[in-house]
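Contents: one structure, followed by commentary.
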Amino acid sequence: MKDLTPKTAFIAIIGLPNVGKSTLLNHLLGEKIAAVSKKPQTTRTRITGVLVRENIQYVFLDTPGMHRPKTKLGEGMVRAINSSVGDVDVVLFVTETKEEITKIEREMLDKVTKSCPVILLINKTDVSKKGDVLKTIETFTRDYEFEAVIPISAATGDNTEHIFSELDPHIPEGDWLFPSDMLTDQPERVIAAEIIREKLLRLLDDEVPHGTAVVIEGFRDIRGHLLDIRAEIFCEKAGHKGIIIGKNGAMLKKIGTYAREDMEEFFGTKVNLNLWVKVKENWRDSVASITNFGLNFDEE
Ligand SMILES: Nc1nc2c(ncn2[C@@H]2O[C@H](COP(=O)(O)OP(=O)(O)OP(=O)(O)O)[C@@H](O)[C@H]2O)c(=O)[nH]1
Ligand SMILES: [Mg+2]
């Protein structure tokens, strides 16, 4: 007989930058809510993704990649990771094939393996050798105990169904905390801003997009037929502004077109997108700017 008792759990997805945490979240939800790029530190805040399967409501927390912070923004990102793992039922620890566990991974594993069940996910198996995956499993399980170790590909979805069979025994009974059709607690404006930031990360060279923040200044729903969105892209240097705008505005146009396409798909309506570029020097080290940009995750 089917189990009808409502169950729910908070599940943190943690790991080094770029290992595929957000790709995994999007894949598990079947919807793209988190920005993904090949540059590390794409995710800046905790992103909640809610999924219902039969009697279980899974609340996944995607987190920024673990790193040693160099700016106030980085410090906030690390706090967002720590506050996410503080009170969850299960941790999904994501890594890639590798020969050694890094120091930062060890620090996190020392902590989380003591506080809750941890499932190790070895991601990107579509591009790694089987022997290397096995060696990675050996390396991790030599020093730590996991509830399960699952090699997966978040990109192709290979073996990801297995995550649920390992998760489910750890999900406690409890009333669902969110409406059954809720996908995320991210407001629409935040999703719109993240879509734009993802395009900046994908289209521009390293130094420029890491110093950008996107603020949605206007978000108007016109009779359910059109979303009129006005966004400001802040960058750290006048030179960066030029790069973002590009020759004759070509780069900004490209960013706008790609972002609009994604927004139309996500919101299911036509979108009119206006982008403006502004300079705000060293904002990543200014608490006031970080707060203004909606990146204030200070939970202490
Ligand atoms: N080949 C392959 N690439 C993957 C897989 N999962 C993620 N990627 C790629 O890895 C890069 C990083 O993915 P993200 O999901 O942004 O990684 P993340 O861990 O969220 O990164 P941060 O937010 O920076 O911590 C992107 O280019 C993804 O397309 C996978 O299973 N296979
Ligand atoms: Mg991410």
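Quick notes
- Taking residues in the range 284-299 that are farther than 17 Å from Glu236 by Cβ, and partners anywhere that are at pLDDT 85 or above and open to solvent by 80 Å² or more (accessible area, probe 1.4 Å), the pairs with Cβ atoms closer than 7 Å and at least 6 places apart or on different chains are Phe297/Arg46.
- Residue check for Met251: closer than 18 Å to Leu29 by Cα and in contact (Cβ under 8 Å) with a residue 12 or more places away in the chain: no
- Qualifying residue in the range 213-226 (condition: surrounded by 18 or more Cβ atoms within 10 Å (Cβ to Cβ) and either more than 19 Å from Ile195 (Cα to Cα) or of a type outside the set (A, V, I, L, M, F, W, C) (or both)): no
- Check on Asp126, open to solvent by 60 Å² or more (accessible area, probe 1.4 Å) and either assigned to a loop (DSSP other than H, G, I, E, B) or touching a residue at least 12 places away in the same chain (Cβ under 8 Å) (or both): yes
- Some residue of the range 51-60 being more than 16 Å from ligand 2 (Cβ to nearest atom) and either of a type in the set (D, E, K, R) or in contact with a His (Cβ under 8 Å, 6 or more places away or on another chain) (or both): yes
- Residue within the range 51-64 that is basic (Lys, Arg), in contact with a helix residue (DSSP H, G or I) (Cβ under 8 Å, 6 or more places away or on another chain), open to solvent by 20 Å² or more (accessible area, probe 1.4 Å) and under 27 Å from Pro6 (Cα atoms) present: yes
- The set of residues in the range 161-202 that are within 14 Å of ligand 1 (Cβ to nearest atom) and surrounded by 18 or more Cβ atoms within 10 Å (Cβ to Cβ) comprises Ile163, Glu194, Ile195, Arg197, Glu198, Lys199, Leu200, Leu201.
- Residue in the range 97-111 that is more than 17 Å from the chain's Cα centre (by Cα), buried (at least 16 other Cβ atoms within 10 Å of the Cβ) and closer than 18 Å to Ala155 by Cα present: yes
- Flag if Pro209 is under 24 Å from Ile11 (Cβ atoms) and out of contact with any Asp or Glu (no Cβ under 6 Å at 6 or more places or on another chain): no
The values are calculated or read from the model by the stated rules, or taken from the named source; none is laboratory data. All values reported here derive from a predicted model rather than from experimental measurement. All Cβ positions, even for glycine, are placed from backbone atoms using ideal geometry, and neighbour counts span all protein chains on display. The protein model used for the area step is the full one, side chains on, heavy atoms only, and it has no ligands, DNA or RNA in it. Shrake-Rupley method; radii C 1.70, N 1.55, O 1.52, S 1.80 Å.
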